[in-house]
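Novice: The structure follows.
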Amino acid sequence: MLTKAQLKTYQSDGYLLLKNLFDKEEIGLLKEAAMHDRELDRRSYGRADGEGGTVRLSIWNHPGNNIYGMFARSARIVEAAEDLLGGEVYHYHSKMILKDAKVGGAWTWHQDYGYWYNFGLLQPLLTSVTIAVDKATKENGCLQVLKGSHTMGRVDHALKGDQAGADMERVNEALKKFPLVYCEMEPGDAMFFDCNILHRSDQNRSENARWSLICCYNAARNNPYKESQHASYTPLVKVGDDAIKSSALKGFEKESQSDWVSPESDKTIEKLKS
Ligand SMILES: O=C(O)CCC(=O)C(=O)O
């Protein structure tokens, strides 16, 4: 359960950092699994960043009984999301950001709701949590946010490379008004961020990879009014805080995801092209 002070921070800043939400063993299990997961790699695809680089990511919609599902369904995370969104939430999708050493591309300034808006979501009642798998630093392209910029509401987005980028006239004004924060994180730290906060990340020119698992949640009362590439309301079955370690002991289900978002089904920039 988040404290009143934590809720206040999230509401005013648009993000909330929870240090050491997962311990070394838990995050070590996630890293080991992800690094050796051939399906995760095979299902990954790129989005050009408009600066000569390409971000690589793998996305899926429903959390299973595998290790990614144990994180996305963990009470620690889901109950915090419920506190932040003020009621029942469901899993909208998860993605692994595969920002590899030397070649990892940039994410342009954007709001997630800038394009999720086109997926039949009437209200910006969504939150995402980025879980650091690797240490995230300024050098390896950590997430950057404009603190408090979620209060601007949704701004228009236009095509930048293969990404949905926020209207730069507004971003440039926002840069004068809201502090730019480099969200440096240790493995196991988790940071929730509002779907309307302006955020980006730099290319990774360093020797160190920066992978992170991002789980996104929508309020149950904000079920999309039309089908889209991401999940409509599906009850979320939470797992206890011991689930990551106990499932590891039993051996995680080896099920691979069946609901990957593919480059063909990814409609993030469809509206912006027309
Ligand atoms: O983690 C990052 O580098 C940025 C990810 C991002 O902006 C997103 O998934 O919307």
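Throughout, read-outs are computed from the coordinates displayed, never taken from laboratory work. For clarity, every value in this text was computed on a predicted model and none was experimentally measured. Because the Cβ atoms are built from the backbone with ideal geometry, glycine has one as well, and the counts that use them run over all protein chains shown.
Novice: Between E207 and T9, how many nm apart are label points set 7 Å from Cα along the C-beta direction?
Specialist: 3.3
Novice: Using a cut-off of 14 Å between beta-carbons, work out the net charge of the residues near T137 (Lys and Arg +1, Asp and Glu -1, T137 not included).
Specialist: That sum, taken over residues with Cβ under 14 Å, equals -2.
Novice: Please report the Cα spread of region 1-63 along all three principal axes, rounded to whole Å, starting with the longest.
Specialist: 42, 35, 23
Novice: Also, I was wondering about something else. Can you compute the radius of gyration and Dmax for the chain, using only the Cα atoms, both in Å?
Specialist: In order Rg, Dmax, the Cα atoms of the chain give 17.2, 53 Å.
Novice: Take each of the peptides 1-13, 70-82, average the number of other beta-carbon atoms within 10 Å over its residues, and list them starting from the highest.
Specialist: My ranking of the peptides, most packed first, is 70-82, 1-13.
Novice: Could you please report the charge total around P179, scoring K, R as +1 and D, E as -1 over all other residues with beta-carbon less than 12 angstrom from its beta-carbon?
Specialist: My count for the surroundings of P179 gives +2.
Novice: Around S149, under 12 Å between beta carbons, what's the net of Lys plus Arg minus Asp minus Glu among the other residues?
Specialist: Combined, the nearby Lys, Arg, Asp and Glu give +3.
Novice: Still on this structure, please answer the following. With each pseudo-label sitting 7 Å past Cα toward Cβ, what's the A48-T137 distance in nm, one decimal?
Specialist: Rounded to a tenth, the inter-label distance reads 3.2 nm.
Novice: Evaluate 2.2 N^0.38 Å with N set to the residue count of region 165-244, then give the Cα radius of gyration divided by it.
Specialist: Taking the Cα Rg and dividing by 2.2 N^0.38 Å, one obtains 1.47.
Novice: Take the chain, connect every pair of alpha-carbon atoms lying under 10 Å apart with a spring to form a Gaussian network, then pick out the residue of N66, N196, N204 with the largest mean-square fluctuation.
Specialist: Largest GNM mean-square fluctuation: N66.
Novice: Given R₀ = 25 Å, what would the calculated FRET efficiency be for Y233 paired with H36, taking r from the Cβ atoms and rounding to 0.05?
Specialist: So the FRET efficiency works out to roughly 0.15.
Novice: To check you understand DSSP bridge types, tell me what percent of the beta bridges within the chain (both residues inside) are antiparallel, rounded to 5.
Specialist: Approximately 95 percent, going by the DSSP bridge assignments.
Novice: Mind listing the phi-derived Karplus ³J(HN,Hα) values for region 197-213, rounded to whole Hz, using 6.51, -1.76 and 1.60 with θ = phi - 60°, and x for any glycine or proline?
Specialist: 6, 6, 8, 7, 7, 7, 4, 9, 9, 8, 7, 10, 5, 10, 9, 8, 9
Novice: Want the number for T151 to D167: 0.36 nm per residue separation, take away the alpha-carbon distance, what's left?
Specialist: 4.2 nm is the gain from fully extending T151 to D167.
Novice: Taking Cα atoms of region 51-156, Rg/Rh with Kirkwood Rh, to two decimals?
Specialist: Across region 51-156, the Cα-based Rg/Rh ratio is 0.95.
Novice: Now for a separate question. Which of the aspartates and glutamates could be linked to K4 by a straight reach, that is with a Cα gap under 12 Å, when you skip same-chain ones fewer than 8 residues away?
Specialist: The reachable aspartates and glutamates, counting only those whose Cα sits under 12 Å from K4, are D83.
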